[in-house]
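First the structure, in the form of structure tokens, and then the observations on it.
Since every read-out is calculated from the coordinates, none of them should be taken as a lab result. Remember, predicted model here, so these are calculated numbers, not experimental data. All Cβ positions, glycine included, derive from the backbone under ideal geometry; neighbour counts span all protein chains shown.
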Amino acid sequence: MKKSYQSLEDNSTNNMKQVIYRNLTSKILYLGFILLLTFSTSLTAQEGDPVNGKALYRTNCASCHKLDSRMTGPALRNVETRLAEEEGLDREWINAWIKNSAGLIRSGDPYAVKIYAEYNQTAMTAFPQLSNQDISDILAYTAEPKPEPVVAEVPTGVQGGGGDGLSSDIMLAALALLFALLAGALVLVNRTLKRFADEKGIEVPVKEKGTPIWKAFVQNQFLVLVTVIFFLLASAYFVYGFFMQVGIDQGYEPVQPIHYSHRIHAGENGIDCKYCHSSARVSKHSGIPSLNVCMNCHKSIAQVGDETQAEGISEYGVDYNAQIQKLYKAVGWDATTQQYTGETSPVKWIRIHNLPDFAYFNHSQHVSVAGVECQTCHGPVEEMEVMYQYAPLTMGWCINCHRETNINVKDNEYYTKIHEELSKKYGVEQLTAAQMGGLECGKCHY
Amino acid sequence: MHINMKIDAKYTVVLVMLVGFISCQENARPNYQYMPNMYESVGYETYQEADVDVEGNQIFEYDMEARLPVDGTIPRGDFMPFEIDNTVEGYEEAKANLKSPLDSTQVDYEVGGPLYTIYCAICHGIKGAGDGTLAKKDLIIPGSYAEKDITIGSIYHTIYYGKNSMGSYANQLNESERWQVAEYVAKLKADLDK
């Protein structure tokens, strides 16, 4: 059984060893020289260069293997020692496996067959281009100890308040103390002065009581009239303000079942909005991504970085890793076996942006045809930890934008002719959306 | 002392009311609507919660109005079912035999390029060298196209079904878009192999 994989080996070290026992001829000397070379390389190969190994690992292995957890293939931290201790498999087996795993499986090697079956019969790509030196470099990289996790400094006492909040609290307390002292000093000064006055026999003049101010006010009819008008106007202003905001959800920021941070995804990682909201390109709605879109990345990303986790807890009071676990639970993903269990439960996201039924709005018209940036209406989403409605989404707001925005005619044959004619009619260089009919009632209400 | 207590009680009431008022101002709830009947659609809107029937029973599981298409139905338009399986054999078959339906006049890198940038470049990198933003952060490391033994057929199969840790992109890209992206990936690979 052992021979089967040795025969697969390109390296002919064993044959050469046999050669040595023959009589010395010039040919053998030559071969001996080669043997020496292979020997010397294998000597250095024992050590391996973890730096080069890391580069090789990234280009060849990392798309399917992680160091510390199972992915498409098994975890690779200390794989060489683990294989040697648990399975009694040596470097030659590893070389044979990496260079041609399918061949090793076909030869009937028991561990090769076992691991092939364990990983859903996903064949590992053959890497005949990797030399033994490359492999030992990679193994040296995998043998490096796991870096100590950065101990997250989570403030235990003050929850929520970051460094800034604390210092401003201290400032406020100091100011309050200062005012208290000043007030105290004033009271003391006043008292002392009074005592002086008493001792020296100076009469402090007491004001005589005139008509009380409210009586004077009531008697002055003109002032009463002005005040009443003022109060009526002021209350009308507030009543008007109240009625105008009815039905407007600007700033609406519901708590979602999974704390999804747009700041991390769209901001820090720079994922395009349309990656998840792909239907914004082609349909009326900018859809909420189904969970398989999340899993495109989160199949590989089961945990956030230590720093991000610490930041989430201290700044926003959110355990990001727990949120990823919620996703796994909803989509039915078992991270230990890297397989779907089939037990799913939909996530009940809360809808934020919702136009009334009598207004028609089409995302693809704005995103694909007009080329409007998502942020124009949705605000700085890439900075939002929690998503909220940025724009008022009122008719006045829509129309204002249509009046101010020039239509995008570049590379858009659909508009070329009508733009030419209409711009002549209006005598302008650039047509706005309003001049193209963006104010017609029937465009949005029908 | 008695009077002070009374004042304290007054202040407490005011304080409670204030707190209540402020917490109502929080944006966790949608605003009032004036005559909401004009706002609400008669038919189901996208993502709307489904109603219950007259007896109060659920009509749809989880009250979810969104439905999967009935088995065996296909969308309107130029839709063609993809008949190669999501298996290793299917992958090999696609790799060997599947050809792009787009001829040279239909291949438009102006279409495929931006789509590639949205959906693929985040991991695979703008030039396909495996150096996207997520790869640079060591989150997802796909490797360079130059290292991969891929054909236009295997690229399409991978976009359609996913491969290893990569997921399917069939619901984000339609058929012609998938082929445009596959053509663009093949071009990137050709550029990298130069």
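The count of lysine pairs in the range B:89-193 with alpha-carbon distances below 24 Å, taking only pairs 8 or more places apart or on different chains, stands at 28. For the peptide B:165-175, the mean number of other protein chain Cβ atoms found within 10 angstrom of a residue's Cβ is 6.
Helix A:163-200 versus the longest principal axis of chain A: what is the Cα-based angle in degrees, 0 to 90, to the nearest 10? The helix A:163-200 is inclined about 30 degrees to chain A. Sequence-distant contacts, meaning Cα pairs under 8 Å at least 6 residues apart, place the relative contact order of the range B:92-194 at 35 percent. Considering only Cα atoms, the convex hull volume of chain A works out to 364 Å³ per residue.
Look at the alpha carbon pairs under 8 Å that are at least 6 residues apart: their mean separation over the length of chain A gives a relative contact order of 14 percent. Between the amide H of residue A:75 and those of A:70, distances stay under 5 Å, these residues lying 5 or more places away or on another chain, with hydrogens modeled in the peptide plane. Partner shielding of A:349-358 amounts to 4, given as the average count of beta-carbon atoms from other chains within 10 Å of each residue beta-carbon. Taking the centroid of alpha carbons for each part, the range A:379-446 and the range A:184-198 are 71 Å apart. Give me the Debye-computed log₁₀ of I(q)/I(0) at q = 0.09, 0.20 Å⁻¹ for the range A:262-391, equal point scatterers on Cα only, no solvent, two decimals. Debye curve over Cα of the range A:262-391, log10 I(q)/I(0) at q = 0.09, 0.20 Å⁻¹: -0.32, -1.32.
Given the options A:130, A:139, A:291, state which has the largest fluctuation in a GNM of chain A using a 10 Å cut-off (strictly under) for Cα springs. The residue that fluctuates most here is A:130.
Look at the alpha carbon pairs under 8 Å that are at least 6 residues apart: their mean separation over the length of chain B gives a relative contact order of 17 percent. Placing +1 on the Cβ of every Lys and Arg and -1 on the Cβ of every Asp and Glu, with no other charges, gives the range B:89-193 a dipole of roughly 280 debye about its Cα centre. For the peptides A:169-179, A:293-303, residues were scored by their other Cβ atoms within 10 Å and the scores averaged per peptide; the highest-first order is A:293-303, A:169-179.
Can you work out the FRET efficiency for the pair residue A:69 and residue A:365, with r the C-beta to C-beta distance and R0 = 35 Å, to the nearest 0.05? According to the calculation, E is roughly 0.20. With a ≥ b ≥ c taken as the square roots of the eigenvalues of the C-alpha gyration tensor of the range A:268-343, please select rounded if a/c is under 1.5 and otherwise prolate if a/b is larger than b/c or oblate if it is not? Since a/c reaches 1.5 but b/c is at least a/b, the shape of the range A:268-343 is classed as oblate. The angle between the Cα long axis of helix B:88-97 and the longest principal axis of the Cα atoms of chain B comes to about 50 degrees, rounded to the nearest 10. Between residue A:395 and residue B:64, the modelled labels are 3.7 nm apart [label points 7 Å from Cα along Cα→Cβ].
Note on residue A:190 and residue A:219: the extension gain reaches 6.8 nm, defined as 0.36 nm multiplied by sequence separation minus the Cα-Cα distance. What the Cβ-Cβ distance of residue A:422 and residue A:169 gives, at R0 = 56 Å and to the nearest 0.05, is a FRET efficiency of 0.40. When you count the other C-beta atoms within 10 angstrom of each residue and take the mean per peptide, A:391-403, B:93-105 line up highest first as A:391-403, B:93-105.
With labels modelled as points extended 7 Å from the Cα through the Cβ direction, what inter-label distance (nm, one decimal) is found for residue A:303 paired with residue A:47? In this crude spin-label approximation the distance works out to 3.3 nm.
Here the average projected area of the convex hull drawn through the C-alpha atoms of chain B stands at 22.6 nm². What is the helix-to-structure angle for B:2-25, meaning the angle in degrees between its Cα long axis and the longest Cα principal axis of chain B, kept from 0 to 90 and rounded to the nearest 10? Long axis of B:2-25 versus the principal axis of chain B: about 30 degrees.
Built from the Cα atoms of the range A:394-446, the convex hull projects on average onto 4.0 nm², one quarter of its surface area.
Peptide A:69-79 has a mean shielding of 1, counted as Cβ atoms of other protein chains within 10 Å of each residue's Cβ. Residues whose amide H lies under 5 Å from that of residue B:140, counting only those 5 or more places away or on a different chain, are B:135; hydrogens are built 1.01 Å from N in the peptide plane.
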